[in-house]
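What follows is a set of notes on a single structure, which appears directly below.
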Amino acid sequence: MTDEQDLRDYETGVVDACVRGDRLAFERLVTAYAEPVHRAAVRALAGLGCRVSCDVEDLALDFWSDVWLAPKRILGRFDAARGSLAPWLAQVAFHHCVNYLRSRGYRWPTAIASLGDAAATGIPGRASPPPDPGGLLHQLLGDLSDTSRGAIEAKYGLGPSGEPMTVPEIAVWFGLSEHQVYRKIGKALRKMRERGTELPETD
């Protein structure tokens, strides 16, 4: 038996025990997978910068509370044959955290007065925007729809946190499929290229 098979068997055993309501198994799950859930909460908050009253611990605790109260609904979807538990749990936690924030009225803040002005105010966590001669980048972003602008800001780290997000994360935030996100970003980039502005390639 390989180490990979041993890991699948262990993860399946822990998940099955949690679904049955085994408290000790749940405690092992929280201890072993606290880090990926914490990172998921950090990523969920990254899109909102400093605009949120709750913190990472609040989000992570709410997720684990939901897992304990409804283990079959959440953990019952795990399939060890399709991948390991840590990345799967991180993805589920990210979805949960975004839904938690959206249920409290938080939305991706696409209405940025000016990329340059926002950077100059020293908002915590915001990275400096790329050079924007004559304000062309800001003008082009302003010509896009809210969703397309938000997707571009998220993909290239132009949002409040200055941290780029992945396409799956953007899809969750805006309630779109990944295919729709790719299409919106591609269309926006083509429009920007036609106006003489290009953004750097990202992974």
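The phi torsions of region 168-183, fed into the Karplus equation with coefficients 6.51, -1.76 and 1.60 and a -60° offset, translate into couplings of x, 5, 4, 4, 5, 4, 9, x, 10, 7, 4, 4, 5, 5, 4, 5 Hz, rounded to whole numbers, with Gly and Pro shown as x. Peptide packing for 168-178, 21-31 was compared via the average number of neighbouring C-beta atoms within 10 Å per residue; ordered from the highest value, the list is 168-178, 21-31. Projected label points at Asp6 and Ser103, each 7 Å from Cα along the beta carbon direction, are separated by 4.0 nanometres.
Here the peptides 65-76, 84-95 are ranked by packing, the mean other Cβ count within 10 Å, and the order with the highest first is 84-95, 65-76. Using a cut-off of 21 Å between alpha-carbon atoms, which lysines can reach Lys155, once sequence neighbours fewer than 8 places away in the same chain are excluded? Within the straight-line limit of under 21 Å, Lys155 reaches these lysines: Lys184, Lys187, Lys191. Stretching the chain fully between Ser177 and Asp16 yields a gain of 55.0 nm (0.36 nm per residue, less the alpha carbon separation).
Each value in this text was obtained by applying a stated rule to the coordinates, not by laboratory testing. This one's a predicted model, so the numbers in the text were calculated from it and none came from an experiment. Positions of Cβ are generated from backbone atoms using ideal geometry, with glycine treated the same way; all protein chains shown enter the neighbour counts.
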